[in-house]
Amino acid sequence: MALQAAYSLLPSTVSIRKEGKFSASLKETTLTGVSFSNHLKADKISTLLTFKEQRRQSPRFSTVTRAQTVATPPANEASPEQKKTQRKGTAVITGASSGLGLATAKALAETGEWHVVMACRNFLKAEKAAKSVGMSKEDYTVMHLDLASLESVKQFVDSFRRTERPLDVLVCNAAVYQPTAKEPSFTAEGFEISVGTNHLGHFLLSRLLLDDLKKSDYPSKRMIIVGSITGNTNTLAGNVPPKANLGDLRGLASGLNGQNSSMIDGGEYDGAKAYKDSKVCNMLTMQELHRRYHEETGVTFASLYPGCIATTGLFREHVPLFRLLFPPFQKYIIKGYVSEEEAGKRLAQVVSDPSLGKSGVYWSWNNNSSSFENQLSKEASDAEKAKKLWEVSEKLVGLA
Ligand code: NDP
Ligand code: PMR
């Protein structure tokens, strides 16, 4: 939290030291918010930063890039594969009433090839948002979904099925971030709200809608769960305290209801950490879905870091000074900033671009807005942890 105050003092050099774990210095750099190991040459890295923990965790850190750059045509250019499609695709996007979700809905609707189901907790806000970005009535449907209630998730699935629309792509995008909360708040079923909404709500939704995706005859069926750099401790952003850490999942296993703990690792409540933990859960869930279902169903499972969209509603509960300084900090110092529009185009590529059809991938974009397969941190790619998370989450949402 002390770091937030540091924004008021930010010069062109940023230094962080925390418990001797790492130190980093940024000066005249062009950091775009992607994993250093993918992005900077080894010689630059060594002059820019000493990243002891990273080196300990990943011997690959000092070697440059296994990332693959893929040339991606703009989302609104129809590929031959898309042209063959007889009907519009249907994409369900959670949290499409603002920020990334809304920008993605708009980008998809504009192609004329997608009908977007905006799955939102605030029906009126979503309707207004769709109108405000100029989406045409025939390109979207707003449906109620409150991810902080498992009952609402089930009702949404029932209502969606009643529309008799096929499901071709599901985008799990909605999230809450409570960095300044002193005490945890809880979902309808009593789970800490960040993990309850961002992970458990989406976990149930994705499990229930997998059957619907399976039934789709669309050429490329996809399920996308939005991740983030801040959950990945193989990056500088992921090393800004408090760091994501699920531990042995003891807090989650004991119900995440504040009686034993409201944190997945069983520790003291920290709203910023709870959000980052939830993003690790999102990225682990995507990989577990891939391992369990990709071959059997042909569904592509993917996650992404769209860039730092520093102006969205995600930061609505942050202190005013943070909201003032975060966008210029990201634009001019970190150079990780992307506009909502650009981020929406990126997520729309993961939805529909044939060149991003590979399953099990965590996508990121470089300075030229070219997509590449990024590497997840040790924890966010831990298959054992993903399996355990899956099993514990199944129990909590009533699937096991
Ligand atoms: P926004 O706050 O603009 O969007 C979040 C959306 O989630 C809103 O539409 C919000 O609805 C919705 N939402 C929140 N709680 C619920 C709920 N209980 N049920 C249904 N919907 C809910 O933030 P962003 O656009 O920035 O965030 C979108 C995604 O992008 C998140 O997954 C976030 O983790 C990720 N991300 C964002 C980054 C950034 O820099 N902003 C960076 C990396 C990842 P409402 O409008 O009603 O509040
Ligand atoms: Mg970060 C490469 C550097 C980088 C990137 C790409 C981000 C992205 N951040 C970076 C660096 C730093 N941040 C540094 C050096 C600092 C210390 C001054 C810093 C601080 C910081 C704070 C206090 N950053 C933040 C916060 C938040 O509250 C945001 C957060 O963690 O939300 C969970 C955030 C973010 N930084 C990012 C991104 C993308 C965020 C938004 C969070 C997300 O959705 O994951």
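Values quoted throughout were computed directly from the atomic coordinates according to the rules given, and no laboratory measurement underlies them. Nothing here was measured: the structure is a model prediction, and the numbers come from that model. Glycine also receives a Cβ, built like all others from the backbone with ideal geometry; neighbour counts cover every protein chain displayed.
Scan region 211-226 for residues that are within 20 Å of residue 96 (Cβ to Cβ) and outside any loop (DSSP other than H, G, I, E, B) and jot them down.
Across region 211-226, the qualifying residues are 212, 213, 222, 223, 224, 225, 226.
Restricting to region 223-247, what's the tally of residues that are touching a residue at least 24 places away in the same chain (Cβ under 8 Å), out of contact with any Leu (no Cβ under 8 Å at 6 or more places or on another chain) and not hydrophobic (A, V, I, L, M, F, W, C)?
10
Please go through (1) surrounded by 22 or more Cβ atoms within 10 Å (Cβ to Cβ); (2) over 20 Å from residue 380 (Cα atoms) for residue 350 and return the number of the only condition it doesn't satisfy.
It is condition (2) that residue 350 fails.
Pick from region 255-276 the residues that are under 14 Å from residue 180 (Cα atoms) and among the hydroxyl-bearing types (Ser, Thr, Tyr): which of them is nearest to ligand 2 (Cβ to nearest atom)?
The residue in question is 275.
Which pairs turn up if I take residues in region 279-297 that are within 18 Å of residue 195 (Cα to Cα) and among the hydroxyl-bearing types (Ser, Thr, Tyr) and look for partners that are in a helix (DSSP H, G or I) and more than 16 Å from ligand 2 (Cβ to nearest atom) with beta carbon separation below 8 Å, at least 6 apart in sequence or on another chain?
Once the first residue is within 18 Å of residue 195 (Cα to Cα) and among the hydroxyl-bearing types (Ser, Thr, Tyr) and sits in region 279-297, its partners that are in a helix (DSSP H, G or I) and more than 16 Å from ligand 2 (Cβ to nearest atom) give 285/203; 285/206; 285/386; 285/389; 285/390; 285/393.
Specify which of the listed residues (247, 266, 238) is over 22 Å from residue 120 (Cβ atoms), part of a helix (DSSP H, G or I) and either out of contact with any Pro (no Cβ under 9 Å at 6 or more places or on another chain) or of a type in the set (A, V, I, L, M, F, W, C) (or both).
238
Residues being surrounded by fewer than 22 Cβ atoms within 10 Å (Cβ to Cβ) and more than 18 Å from residue 156 (Cβ to Cβ): count how many of those fall in region 100-145.
14
With respect to residue 124, is the statement that it is aliphatic (A, V, I, L, M) and without any contact (Cβ under 8 Å) to a residue 24 or more places away in the chain true?
Yes; evaluated as a whole, the condition is true for this residue.
Among the residues in region 298-319, are any away from ligand 1 (no atom under 12 Å from the Cβ), surrounded by fewer than 18 Cβ atoms within 10 Å (Cβ to Cβ) and either acidic (Asp, Glu) or in a helix (DSSP H, G or I) (or both)?
Scanning region 298-319, I find no residue that is away from ligand 1 (no atom under 12 Å from the Cβ), surrounded by fewer than 18 Cβ atoms within 10 Å (Cβ to Cβ) and either acidic (Asp, Glu) or in a helix (DSSP H, G or I) (or both), so the answer is no.
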